[in-house]
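Here's the structure, in structure tokens; my notes come after.
The values are calculated or read from the model by the stated rules, or taken from the named source; none is laboratory data. All figures in this text were calculated on a predicted structure; none of them were measured in a lab. As a convention, Cβ positions derive from the backbone with ideal geometry for all residues, glycine included, and neighbour counts pool all protein chains shown. When the accessible area is computed, the model is the full protein with side chains, heavy atoms only, and any ligands, DNA or RNA have been set aside. Shrake-Rupley method; radii C 1.70, N 1.55, O 1.52, S 1.80 Å.
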Amino acid sequence: MKLTLLSLCVLGAMVHAQVPSSAPAEKSLPPTRLLLDAKQQAALGVQVAPVQASGKGQVLVSATVVTPPGKAFTVSAPYAGQISRLMVGVGDAVKSGAPLAQFTSPMLGDARRLLNEASIDYKTASAAAQRDQAMLDEGIIPAVRLQLSRAKQEAALSLLKSREAELAVSGLRFDGASGGYATGVMNAPLSGVVLEAFAAVGQRVEAGAVLFKLADTSQLQLELQLSNDKAAQLQAGDEVSIATRDAKAKILAVSRAVDASQSARARAVVTQRGNLQVGEFVAVTVHAKSKPLTAGQSQWLVPSRAITQWRGKPWLFVVHPQGFDAQAVNVISATDDVSLVEAAWPAGTQVATTGIASLRALLQKDE
């Protein structure tokens, strides 16, 4: 509900704010109370919700669901060419060696021709070396003639292996491939799921263009993005929960070295998969063993939208029988959806979750 300046002024005149007469240090400021009845709260569009008690040492962070190292693979175009046939789509499960697509390229035809010529040259050089060996045994030719033949045979063998290696690295297979001498079949390098397919049939691509991304999703990991403060609270073995996905994990390692965005990272192995999917971005809760509670304080989970900034601090509007108490809180960690705050509240405490801008406007009307 949008309120005009006049309506806010009218409501402001009805609100009695308990503000200290003197100006003590900001650290010792008492709560500022807004006296609002149910009708006024409805006019401001204010709704409330109870805070949730948090366990000891919880840290809220964001994470990306990934596969373990070595469990993902990219299939690229070995030559400039085009996809002549697709055999799989995104989400398909494939076994190692299963065909993914037919690939056609004139350069592939040249590579196969050069391999065939190298094979013929090696056979010819081998036959010549065998003939010269027999002639040397009969004393017809000198030994140097055989040495020259052996040298040609070794050179032909080296060229043959080089041509074979070139085609092996391309990842293409030719058994049963239809479409001509310049067509090969791309096979899956591992068993897994096709995460992405970038090319369409008939599309021309450059050498090195990524065509498929595959991953073995039988085991998942989390890559956590951390601030320096959060990274200092975590250690290997800390438990991780992802409530929105009914999943759990355990911290494997924490890197406190920061990247260009001044973020540290941690890895966690998923122990209970729930409904996590590779590549998604999720909010997770880390139950840090090394983060004790401050004496006399408690930790609570509140919606991030309930927090507002005022006087350089985060504040919450806590429900009071006569309205709301605006209270400064210590935000330990937060995501876009949920924040973990530290405050001395009794069980059953409720906070405003909507209409925050209107409440803040009333709070600031005398400033």
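Leaving out ligands and nucleic acids, note down the accessible area per residue over the chain with a 1.4 angstrom probe, in whole Å².
53 Å²
In Å, what Kirkwood hydrodynamic radius results for the chain from the alpha-carbon pair distances?
It is 27.0 Å.
Just the protein heavy atoms count here, and of the accessible area of segment 211-361 at 1.4 Å, carbon and sulfur take up 49 percent. Taking label points 7 Å from Cα along the Cα-to-Cβ direction, residue 181 and residue 244 give a separation of 5.7 nm. Taking all protein chains as they are arranged and a probe of 1.4 Å, the heavy atoms of residue 230 leave approximately 30 Å² accessible to solvent. Between residue 151 and residue 209, the simple spin-label model (points 7 angstrom out along Cα→Cβ) gives 4.6 nm. Near residue 321: Cβ cut-off under 11 Å, other residues only, Lys/Arg at +1 and Asp/Glu at -1. The net charge is -1. A straight Cα-to-Cα reach below 17 Å connects residue 230 with the aspartates and glutamates 238, 239, 259, 336, 342, residues fewer than 8 places away in its own chain not being considered.
Scanning residues 5 or more positions from residue 332 or on other chains, those with amide H under 5 Å from its amide H are 340, 341, 342, with H placed 1.01 Å from N in the peptide plane.
For residue 214, neighbours were defined as the other residues whose beta-carbon sits under 12 Å from its Cβ, and their charges (Lys and Arg +1, Asp and Glu -1) total 0. What aspartates and glutamates does residue 161 reach when the alpha-carbon gap must be under 15 Å and sequence neighbours fewer than 8 apart in one chain are set aside? Qualifying aspartates and glutamates at Cα under 15 Å: 117, 121. Measuring only protein heavy atoms, the 1.4 Å probe finds residue 122 accessible over about 60 Å². Residues in segment 301-313 carry Karplus couplings, in order, of 9, 9, x, 4, 5, 7, 8, 10, 9, 8, 6, x, 9 Hz; the curve used is 6.51 cos²θ - 1.76 cosθ + 1.60 with θ = phi - 60°, and Gly or Pro positions show x. Quick one: among 273, 112, 145, which has the greatest mean-square fluctuation in a GNM of the chain with alpha-carbon springs under 10 angstrom? Result for the chain, Cα springs under 10 Å: 145 fluctuates most. For the residues 186, 107, a 1.4 Å probe over the protein chains yields an accessible-area ranking, largest first, of 107, 186. Compared with the alpha-carbon gap, the fully stretched path from residue 357 to residue 161 is longer by 63.3 nm at 0.36 nm per residue.
Compute the length gained on full extension between residue 258 and residue 127: take 0.36 nm times their separation in residues and subtract their Cα-Cα distance, giving the result in nm to one decimal. Walk me through the intermediate numbers first.
Working: separation 131, 0.36 × 131 = 47.16 nm, distance 6.30 nm.
Residue separation times 0.36 nm, minus the Cα-Cα distance, leaves 40.9 nm.
Cross-link pairs exceeding 31 Å in C-alpha to C-alpha distance, out of 213/289; 289/313; 95/248; 71/248, comprise 213/289. Eigen-decomposition of the gyration tensor built on the alpha-carbon atoms of segment 310-367 gives equivalent ellipsoid semi-axes of 19, 15, 11 angstrom, largest listed first. Amide H to amide H, with H built 1.01 Å from N, residue 353 comes under 5 Å of 47, 48, 49, counting only residues 5 or more places away or on other chains.
Charged neighbours of residue 349, selected by a Cβ distance under 14 Å, balance to -2 (K, R count +1; D, E count -1). From the residues 277, 212, 174, which one has its Cα farthest along the dipole of the chain in the positive direction, the dipole being from +1 and -1 charges on Cβ of Lys/Arg and Asp/Glu about the Cα centre? Value: 277.
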